[in-house]
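Colleague: Dropping the structure in here first, questions after.
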Amino acid sequence: MKFTLSWLKDHLETTASIAQIADKLVNLGLEVESIENPAEKYKGFMVATVLEAGRHPNADRLSLCYADAGNGERIQVVCGAPNVRAGMKVAFAPVGVTIPSTGSVLKKGKIRDVESQGMFCSAIELDLGQDADGIMDLDSTLPAGTPLADALGLSDPVIDVAITPNRSDCFGIRGIARDLAASGIGSLKPITYKAIQGTASCPITVTIEDSQNCQDFQFQVIRGVQNGPSPEWIQRRLLAIGLRPISALVDVTNYLTFDLGRPLHVFDLAKVKGNLIVRSAKTGETLMALNGKGYTLEEGMVVIADDSGVISLGGIIGGMSTACLEDTVDVLIECAAFDPIRTAHTGRALSILSDARTRFERGVDINSIRPGLDAATDLILQWCGGTLSEGAVATQKNSQSPPQPVQITLTQKKLSSLSGIEIPLEEAKRYLEALDFTIISTDSTQLTVQVPTFRPDIEGPADLVEEVLRLKGYDQIPLATLPPLKSKIESVSVSSVVKRVLAARGLNEAVTWSFMEENLAQKFGEVSPSLRLTNPISVELGYMRPSILPNLIQAAIRNHDRTQETVALFEVGPQYEATQQRLVTTGLIAGSTGPRHWSQPSRPFDVYDAKAHALAVLSSLSMAESSFQIDASGPDYYHPGRKGTLKQGNRVIAHFGEIHPIILADLKGEGPFAGFEVFLDQLPPYRMKKSTLHLSPYQPVTRDFAFMGDKALTANDLVKAIRKSGAEPIAKITELNIFDLFYKGLYVLPGMKSLGIEVCFEPQMSTLTDLQIKELCDKIEYAANEKGWSLSIAFRSLDDIKVSSISDLQRQKFKDTLVEQASGIIKEVFITPHPEEDGQVTLHIQLQTPARKLNDIEEQAIEDAVKHAIKELFKKD
């Protein structure tokens, strides 16, 4: 909301400075966003007298002029304006000033070889109008050298105030002046607009179809007007607040919208076809609005229409078909009260933001209709002349009783308790009267007031207390220290913990229906009759979901259909069984582990990725891996060979696996899809533990182990055994990673598998010595041996030995010789044919000692033992 200081003083009698007014506005709750002085834009411009205006020697359409800018010097100026003449007063721009319309600095230059020491300005160059045909012809009485801003009355600060939506009365300068006057910074001037009685009868009628859309509609006709430019002072004020002057008939409506906060509209009566009706729009009706845009209307939008159709959107914008132009002679002035809700709905639907809409959707005073119409009539008669008809009021088809004035009682107790300070009721009465509240009754304990109709935001005693405090000043409330509150840390919900950890792992939370169709439900669990809905919202949503997975699978397929190849979703919510409801964390991953890249190929998500997510959920709930078991069972909707179940004893706490290919094919999904389900209500109660970060200052040590064991053994048991063995005071195992797995190959015996495991030890008391590291490794191998795993190394013979030519007796002799030669190092030896090279054999050697890595002496000892055993067996060098 912008206005100039002089405009405010039309309503407020005050000697306060601009700074004092701004400070008071802020204290009243009307935030001042900026104060601009337009005189700054015209700094350096001045009034000049044209002394001579002759023909340019080198151009027919240019004039060579000499001017006096008040300092007695003859200034040479080349001018192209056709209206320049000797003796006229002009707006002169000397070299070095900035031209407002272009933002460029004026420089001395030559035009057709003649030097120009400045510039005579037009209105458009000074941002003071649209006239570009000639230079400004100023008042002849102005002395040369007068600053242009002073000469044109532009030394008028512009104040920009942020109005909160509840203060609809302050969307007019009159309302802002009322608040300032009530605060004691000045006095409110009386309205100067005159109510003029018309002599002719009104030739037109208006009907309101629904008073809910429009409570009142008053109008008058003025004949014989002469439309032209509005007065210069009006144009300056409109330009100062960012509005473009158009014509007197249009400017009067814009001016009063800001002056009184009273929107109204002027129609060209000659263009109105028949009588007017205020009604709801019909679907498909159109309007070409004054902003030059066409709009297609919807049912429920409030319009003003004549026999030709819609001519205006009520409370928002007029139409081009009845616009007032230069040739307008007869006008119809309307002033109405449109419904705020309908106005806001229409404006948002059509994306029209107008000054009228801004005020109507916040509530315009219904009692301002007649004064607003009188003000517009007075100004039009002053500026354009004409003959006035009698005023008229629209006929309402379903008239309703006007709203009754609101009366509120404020007690001394309520005033004291809400304000926090002791304010006598008599003082509160003075403040409210200053704001035009009517005092109905008062005594020593309470007062009853009638709220003015321009304050629809006042609804109860608390609002009255706020008005009193605004005027008294919030700074009058003494500072008080609030008593300390005893705070209690609320327990964190399991759901929130799980959501955070899965979101951190790159999954997106989904919220899906708790229902699904029967055929889909049957694929993912037992469908009990008790899960059937009696009155489903859709035939496709007739059963309570036995699992969340189907919904996530369908969501992933929809994403795939829209070229989103990689999808990672989770949902924490209920799923249903015949007799119970379970809280489940369900996730689904589909696509690849990463985008295509030259340095690292991506791979499809698999069962192990789903397992990792399930384990992360359990870990976030403070469940150690040693507290549950993993087996290869699971529901039938998972792939039979790629699934698993997490259990605590006989209690199932999670499933994971790849979705069965047949189910994916039925749902038209291209797999693989991997999912997991963690049953939160089957887990022990979650207790948030306080944890302290302890960082060791000592260098961690990493060792790799290669274990061999039977195919039936599980890696999970081995990992648990290693972690358990690492509970040492000198070091703890901080990381354990399975990095390799072989079921066959050069170093894997038939029926066995080999695991590569990386273990990181973090010292706790001091840097680990070689002996301490060896002790830790010994404990890990001993724990692995207890589970059926053993360390192994393998050597391939360099000699061409035919396994088939070796008898069992020779084989045993060879083994005994090898063990004897490498006494204390080799525990067992296996001789197997090389899988790829015919005639070659592989020696698999199990070490006697659990040393992680053989030293040079041990390696040499084994190599020498192998050569000796071969020599003894085959007598070869």
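The values are calculated or read from the model by the stated rules, or taken from the named source; none is laboratory data. No experiment lies behind these values; they were computed from the predicted model shown. Cβ: placed from backbone, ideal geometry, glycine included. Neighbour counts: every protein chain shown. Heads up: the accessible areas ignore ligands, DNA and RNA and are worked out on the full protein's heavy atoms, side chains in. Shrake-Rupley method; radii C 1.70, N 1.55, O 1.52, S 1.80 Å.
Colleague: Here is a list of conditions, (1) at pLDDT below 95; (2) under 27 Å from residue 193 (Cα atoms), and residue 397 meets all of them except one; can you say which number that is?
Modeller: Every listed condition holds for residue 397 apart from (2).
Colleague: Kindly indicate whether any position in the stretch 319-334 is farther than 27 Å from residue 198 by Cβ, open to solvent by less than 10 Å² (accessible area, probe 1.4 Å) and touching a residue at least 40 places away in the same chain (Cβ under 8 Å).
Modeller: For the stretch 319-334, residues farther than 27 Å from residue 198 by Cβ, open to solvent by less than 10 Å² (accessible area, probe 1.4 Å) and touching a residue at least 40 places away in the same chain (Cβ under 8 Å): absent.
Colleague: Looking at (1) over 16 Å from residue 69 (Cβ atoms); (2) at pLDDT below 90; (3) open to solvent by 30 Å² or more (accessible area, probe 1.4 Å), find the lone condition where residue 129 falls short.
Modeller: In the conditions (1) over 16 Å from residue 69 (Cβ atoms); (2) at pLDDT below 90; (3) open to solvent by 30 Å² or more (accessible area, probe 1.4 Å), residue 129 misses (3) alone.
Colleague: Which one is nearest to residue 498 (Cα to Cα) among residues in the stretch 549-600 that are in contact (Cβ under 8 Å) with a residue 24 or more places away in the chain and among the aromatic types (Phe, Trp, Tyr)?
Modeller: Checking each candidate, the answer is 570.
Colleague: Does the stretch 726-736 include one or more residues that are modelled with pLDDT of 85 or more, open to solvent by 70 Å² or more (accessible area, probe 1.4 Å) and under 26 Å from residue 647 (Cα atoms)?
Modeller: Checking the stretch 726-736: at least one residue is modelled with pLDDT of 85 or more, open to solvent by 70 Å² or more (accessible area, probe 1.4 Å) and under 26 Å from residue 647 (Cα atoms).
Colleague: Against the condition at pLDDT below 95, open to solvent by 40 Å² or more (accessible area, probe 1.4 Å) and of a type in the set (Val, Ile, Thr), how does residue 98 come out, does it pass?
Modeller: yes
Colleague: OK, next. With the requirement that a residue be open to solvent by 50 Å² or more (accessible area, probe 1.4 Å), farther than 21 Å from residue 178 by Cα and of a type outside the set (Gly, Ala, Ser), what does the stretch 441-466 give you?
Modeller: Passing the criteria: 442, 443, 445, 446.
Colleague: Go through the stretch 161-183 and report how many residues are open to solvent by 20 Å² or more (accessible area, probe 1.4 Å) and not in a helix (DSSP H, G or I).
Modeller: Residues in the stretch 161-183 being open to solvent by 20 Å² or more (accessible area, probe 1.4 Å) and not in a helix (DSSP H, G or I): 6 in total.
Colleague: While we're looking at this one, here's another question. Go through 108, 89 for me and flag whichever is open to solvent by 40 Å² or more (accessible area, probe 1.4 Å) and in contact with a strand residue (DSSP E or B) (Cβ under 9 Å, 6 or more places away or on another chain).
Modeller: So the residue among 108, 89 that is open to solvent by 40 Å² or more (accessible area, probe 1.4 Å) and in contact with a strand residue (DSSP E or B) (Cβ under 9 Å, 6 or more places away or on another chain) is 108.
Colleague: Could you check residue 482 against (1) outside any helix (DSSP H, G or I); (2) free of Cβ contacts under 8 Å to residues at least 24 places away in the same chain; (3) open to solvent by less than 40 Å² (accessible area, probe 1.4 Å) and say which number it fails?
Modeller: (3)
Colleague: Tell me, please, whether a residue that is acidic (Asp, Glu) and either under 22 Å from residue 261 (Cα atoms) or in contact with a helix residue (DSSP H, G or I) (Cβ under 7 Å, 6 or more places away or on another chain) (or both) can be found in the stretch 376-383.
Modeller: Yes, the stretch 376-383 has at least one match.
Colleague: Looking at the stretch 601-649 only, could you name the residues that are charged (D, E, K, R), open to solvent by 30 Å² or more (accessible area, probe 1.4 Å) and touching a residue at least 60 places away in the same chain (Cβ under 8 Å)?
Modeller: 606, 611, 625
Colleague: Anything in the stretch 209-223 that is open to solvent by less than 40 Å² (accessible area, probe 1.4 Å) and either closer than 30 Å to residue 436 by Cβ or not β-branched (Val, Ile, Thr) (or both)? List them, or say none.
Modeller: 211, 213, 214, 216, 217, 218, 219, 220
Colleague: So, of the residues in the stretch 135-160 that are acidic (Asp, Glu) and open to solvent by 30 Å² or more (accessible area, probe 1.4 Å), which turns out to be farthest from residue 50 (Cα to Cα)?
Modeller: Looking at residues that are acidic (Asp, Glu) and open to solvent by 30 Å² or more (accessible area, probe 1.4 Å), I get 150.
Colleague: Give the residues of the stretch 251-287 that are surrounded by fewer than 23 Cβ atoms within 10 Å (Cβ to Cβ) and more than 38 Å from the chain's Cα centre (by Cα), sorted by residue number.
Modeller: 251, 268, 269, 270, 271, 272, 273, 274, 275, 277
Colleague: Let me ask another. Six or more apart or on different chains, Cβ under 7 Å: which pairs go from a residue in the stretch 654-667 that's part of a helix (DSSP H, G or I) to one that's buried (at least 24 other Cβ atoms within 10 Å of the Cβ)? Could you list them?
Modeller: Hits for this filter: 664/673.
Colleague: Looking at the stretch 288-311 only, could you name the residues that are on the phi > 0 side of the Ramachandran plot and either more than 35 Å from the chain's Cα centre (by Cα) or surrounded by 21 or more Cβ atoms within 10 Å (Cβ to Cβ) (or both)?
Modeller: Correct list: 309 only.
Colleague: Of the numbered conditions (1) over 43 Å from the mean Cα position of the chain (by Cα); (2) under 30 Å from residue 17 (Cα atoms); (3) of a type in the set (Lys, Arg), residue 167 satisfies every one except a single condition; which is it?
Modeller: So residue 167 meets the others, but not (1).
Colleague: With the structure loaded, tell me whether residue 448 is among the polar types (S, T, N, Q), within 41 Å of the chain's Cα centre (by Cα) and under 26 Å from residue 368 (Cα atoms) or whether it fails that test.
Modeller: no
Colleague: Can you tell me which of (1) hydrophobic (A, V, I, L, M, F, W, C); (2) closer than 29 Å to residue 593 by Cβ; (3) over 26 Å from the mean Cα position of the chain (by Cα); (4) open to solvent by less than 10 Å² (accessible area, probe 1.4 Å) is the one residue 521 doesn't meet?
Modeller: (2)
Colleague: Moving to a separate point now. Anything in the stretch 294-305 that is assigned to a loop (DSSP other than H, G, I, E, B) and either more than 24 Å from residue 205 (Cβ to Cβ) or of a type in the set (Asp, Glu) (or both)? List them, or say none.
Modeller: Correct list: 298, 299, 300.
Colleague: Let me ask something else. Quick one: in the stretch 17-37, which of the residues that are under 30 Å from residue 70 (Cβ atoms) and outside any strand (DSSP E or B) is most open to solvent (accessible area, probe 1.4 Å)?
Modeller: Top of the filtered list is 37.
Colleague: Just checking, how many residues over the stretch 38-79 are aliphatic (A, V, I, L, M), more than 30 Å from residue 6 (Cα to Cα), touching a residue at least 40 places away in the same chain (Cβ under 8 Å) and in a strand (DSSP E or B)?
Modeller: Number satisfying all stated conditions: 5.
Colleague: Considering (1) part of a helix (DSSP H, G or I); (2) of a type outside the set (A, V, I, L, M); (3) more than 27 Å from residue 12 (Cα to Cα); (4) open to solvent by 40 Å² or more (accessible area, probe 1.4 Å), say which one residue 431 fails and leave the rest.
Modeller: Among (1) part of a helix (DSSP H, G or I); (2) of a type outside the set (A, V, I, L, M); (3) more than 27 Å from residue 12 (Cα to Cα); (4) open to solvent by 40 Å² or more (accessible area, probe 1.4 Å), residue 431 violates only (3).
Colleague: What pairs come out if I take residues in the stretch 184-208 that are under 19 Å from residue 224 (Cβ atoms) and open to solvent by less than 40 Å² (accessible area, probe 1.4 Å) and pair them with residues that are part of a loop (DSSP other than H, G, I, E, B) and among the aliphatic types (A, V, I, L, M) whose C-beta lies under 8 Å away, six or more apart or interchain?
Modeller: Taking only residues 6 or more apart or on different chains, the pairs are 204/272.
Colleague: Can you tell me which of (1) aliphatic (A, V, I, L, M); (2) touching an Asp or Glu at 6+ places or on another chain (Cβ under 8 Å); (3) in a helix (DSSP H, G or I) is the one residue 418 doesn't meet?
Modeller: (2)
Colleague: Which of the residues that make up the stretch 337-367 are small (Gly, Ala, Ser), part of a helix (DSSP H, G or I) and surrounded by fewer than 23 Cβ atoms within 10 Å (Cβ to Cβ)?
Modeller: 344, 347, 349
Colleague: Just to confirm my filter: which strands (runs of 3 or more DSSP E) fall fully inside the stretch 218-293 and include at least 1 residues that are out of contact with any helix residue (DSSP H, G or I) (no Cβ under 7 Å at 6 or more places or on another chain)?
Modeller: It comes to 276-280, 286-288.
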